[in-house]
Amino acid sequence: GLMSEPEVPVPQRFAAVIVGGGPRGVAPVLRTAARAVAAGTAPVRLAIIDALAVGPGATWLIDQPAQYLNNTQADATTVHPDDSTPMTGPAAPGPDLVDWARRVRADGGHPAGEWVLEEVEELTGATFPTRRLQGVYFRDQLDAAIATGAVEVTEVVARAVDLARDGEDTAVVLEDGRRLSAPTVVLAQGMVQAEPDAEVTALTGFAERFSLRYAPPGMPAEREYTGLPAGETVLVRGLGANFFDVIGQLVAEWGGALEPVAGDPHGRLRYLPSGREPHLVVGSRRGVPYRAKPGGGRPVRPFVAAWADDAWFDALEQRGDVDFAAEVWPVLGREFARVHLEALTELEPEAVRGDWWAGLDTATTAEEVDAVLERTITDPRRRWTLEELHSPTRGRPVTGQEWSRLVRRLIDDELGSMSDPWHHPRAAVNGAMAALRRHVGRLTGRGAFTGASLARDVLGWFDGHSLALASGPPAERVRVVPALLEAGLTELNGPAMVIAADESAGLFRAASPLTGRVVTSAVLLETRMSKGKVPRTSDPLLRALLDSGRARIHTVDG
């Protein structure tokens, strides 16, 4: 018969369409419900679109492994505003994560599964909850808003690929051609991922040609890391938060035992293998893992600025020509050096010599700060410089023995700063970074930096340094990694690690130019995020807006 005309989908109309079903998308639904309840209006018709799941979104998927944790303590997690939130509309306080967990315990169960009750029974304010538990919390808050009857929510699990004009309204175009129209569209995609870059594309092709195993960068819940070959070398790239999640998942699968080392004051663990373990060789640009957060609930030395105080930041905020590397970093460096030396003087007075305050007070460059640290700290195990933040060997090649010594010092530092964050010098530095990076974020938001310095320094390296020090994994999770290093089942390959496709051997090859270590393997796991840099984002809707000129990249003074 004759080809019939394809049916043009009839647009569905809403008061607003929200693209993104994670907490960023849930929040506007909660606020809309609060307003509608207060105003006593008819139910407001909303649509939420998410490619994976409405409520938890991609990061907090409910069916991901239990070993994937949130990077924030439970008592810092809520999707509801409180008096500290600058906003219009009625206050509508709802339960934070800890309150919600209490209610689930009181109910004695949860429709999402028996595991929810098991997890909330263990939960305290200092716990780092699983990502899946947090996903159930977000979903429950959405359900509670819907239950008020103030909002009617249509949930659509599909990819939004474009926006189009629909008379006076805007239509969100889905991959299958459906259109959802509204006078208001909210883009709440959250942490979009990047399109594979040239290197990842080449490694993916290489793995296919030689039948190798490759896990590209991305969200751990969407990757497969388990089932590694026992006794064989496996390459791992990425030593941030994802790495620790993946290690948690692997150790659970291997089934080895972790036991406390008797009499160790720092909570050191010993790993007793099951025989199912591969040999992990791990690396990154920095070459060392993110620094741990203090052990849950332990008192942390409070940070009080000597130079980088509020008045100093306020003055910088009024400008638009600040050079971060020249003007801000040296002052932050003075603060890091000061708290390190103060803590070290209390902890081990014989490791510090001379009067260092005057030297720091007049230091105008990071190099001058490092010079003060070098002449003041006498104990080689306590040595520390700002340069180590991005390069533990300070850019110098080291022998195998020197690298092993550095790794041992790293393990001791980590165990010390987790178990005694009030006194440990490294914990003091981590705490100072946590306090100061927020101010730098505010300067960025206010446009204080020149465009060149913002791109080169703040986004180029400071963001990475500050995450590595101040946004590390939970202590319980970190303790496993030194145990694996000390058991010889995991080793750090060295800084500036480069991955190559070794065509002649048909294997992945990892090399650190600073330690000289070269390792080959048939398996490469990328345990790093692929955060979407605009315009290299994998989000088809954002790309459509950029490609058509309806959105443009924000520029800062050129």
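The values are calculated or read from the model by the stated rules, or taken from the named source; none is laboratory data. Keep in mind that what you see is a predicted model, and the values were worked out from it rather than measured. Glycine also receives a Cβ, built like all others from the backbone with ideal geometry; neighbour counts cover every protein chain displayed. Accessible surface areas use protein heavy atoms only, side chains included; no ligands, DNA or RNA. Shrake-Rupley method; radii C 1.70, N 1.55, O 1.52, S 1.80 Å.
Among the helices (runs of 4 or more DSSP H) contained in region 333-422, which hold 1 or more residues that are at pLDDT 95 or above, of a type in the set (Ser, Thr, Tyr) and closer than 25 Å to Arg437 by Cα? Even if it seems obvious, please write down each step before you answer.
On the way: elements: 357-362, 366-376, 400-419.
Output list reads 357-362.
State whether the residues of region 526-545 include one that is more than 19 Å from Val200 (Cα to Cα) and assigned to a loop (DSSP other than H, G, I, E, B).
no
Answer yes or no: is there a residue in region 209-217 that is modelled with pLDDT of 95 or more and assigned to a helix (DSSP H, G or I).
Scanning region 209-217, I find at least one residue that is modelled with pLDDT of 95 or more and assigned to a helix (DSSP H, G or I), so the answer is yes.
Check region 512-525 and report whether any residue there is in a loop (DSSP other than H, G, I, E, B) and surrounded by fewer than 17 Cβ atoms within 10 Å (Cβ to Cβ). Outline the logic, then answer.
Kept after step one, since they are in a loop (DSSP other than H, G, I, E, B), are these residues of region 512-525: 512-517, 522.
From what is left, the residues that are surrounded by fewer than 17 Cβ atoms within 10 Å (Cβ to Cβ) are 513, 516.
Within region 512-525, one or more residues are in a loop (DSSP other than H, G, I, E, B) and surrounded by fewer than 17 Cβ atoms within 10 Å (Cβ to Cβ).
How many of the residues making up region 534-548 are among the hydroxyl-bearing types (Ser, Thr, Tyr) and under 17 Å from Asp176 (Cβ atoms)? Walk me through it before giving the result.
Filtering region 534-548 down to residues among the hydroxyl-bearing types (Ser, Thr, Tyr) leaves 537-538, 548.
Still in the list and also under 17 Å from Asp176 (Cβ atoms): none.
Looking only at that region, the number is 0.
Kindly provide the set of residues from region 409-463 that are hydroxyl-bearing (Ser, Thr, Tyr) and open to solvent by 10 Å² or more (accessible area, probe 1.4 Å), ordered by number. Let's see the steps before the verdict.
Step one: list which residues in region 409-463 are hydroxyl-bearing (Ser, Thr, Tyr), which gives 417, 419, 444, 450, 453.
Listed by number, the residues that qualify are Ser419, Thr444, Thr450.
Return yes or no: is Thr148 of a type outside the set (A, V, I, L, M) and either closer than 28 Å to Arg45 by Cα or open to solvent by 40 Å² or more (accessible area, probe 1.4 Å) (or both)? Lay out the reasoning, then the answer.
Values: of a type outside the set (A, V, I, L, M): yes; either closer than 28 Å to Arg45 by Cα or open to solvent by 40 Å² or more (accessible area, probe 1.4 Å) (or both): yes.
For Thr148, the condition - of a type outside the set (A, V, I, L, M) and either closer than 28 Å to Arg45 by Cα or open to solvent by 40 Å² or more (accessible area, probe 1.4 Å) (or both) - is met.
Working only within region 302-360, note down all residues that are more than 26 Å from the chain's Cα centre (by Cα), more than 24 Å from Arg446 (Cα to Cα) and of a type in the set (Gly, Ala, Ser).
Across region 302-360, the qualifying residues are Ala343, Ala351, Gly354, Ala358, Gly359.
Among the residues of region 165-198, write down those that are without any contact (Cβ under 8 Å) to a residue 60 or more places away in the chain and open to solvent by 50 Å² or more (accessible area, probe 1.4 Å).
Answer for region 165-198, where residues must be without any contact (Cβ under 8 Å) to a residue 60 or more places away in the chain and open to solvent by 50 Å² or more (accessible area, probe 1.4 Å): Arg165, Gly167, Glu168, Asp176, Ala198.
From the list Ala505, Ala483, which one is in contact with a strand residue (DSSP E or B) (Cβ under 7 Å, 6 or more places away or on another chain), over 22 Å from Arg409 (Cβ atoms) and among the hydrophobic types (A, V, I, L, M, F, W, C)? Spell out how you get there, then give the answer.
Values: Ala483 fails: over 22 Å from Arg409 (Cβ atoms).
The unique qualifying residue is Ala505.
Specify the residue that is modelled with the lowest pLDDT; the eligible residues are those in region 239-268 that are of a type in the set (Asp, Glu) and not in a loop (DSSP other than H, G, I, E, B). Break it down stepwise before answering.
As a first pass, look at region 239-268 and keep what is of a type in the set (Asp, Glu): 245, 253, 259, 264.
Adding the requirement that they be not in a loop (DSSP other than H, G, I, E, B) leaves 245, 253, 259.
Values: Asp245: 93, Glu253: 97, Glu259: 97.
Here the answer is Asp245.
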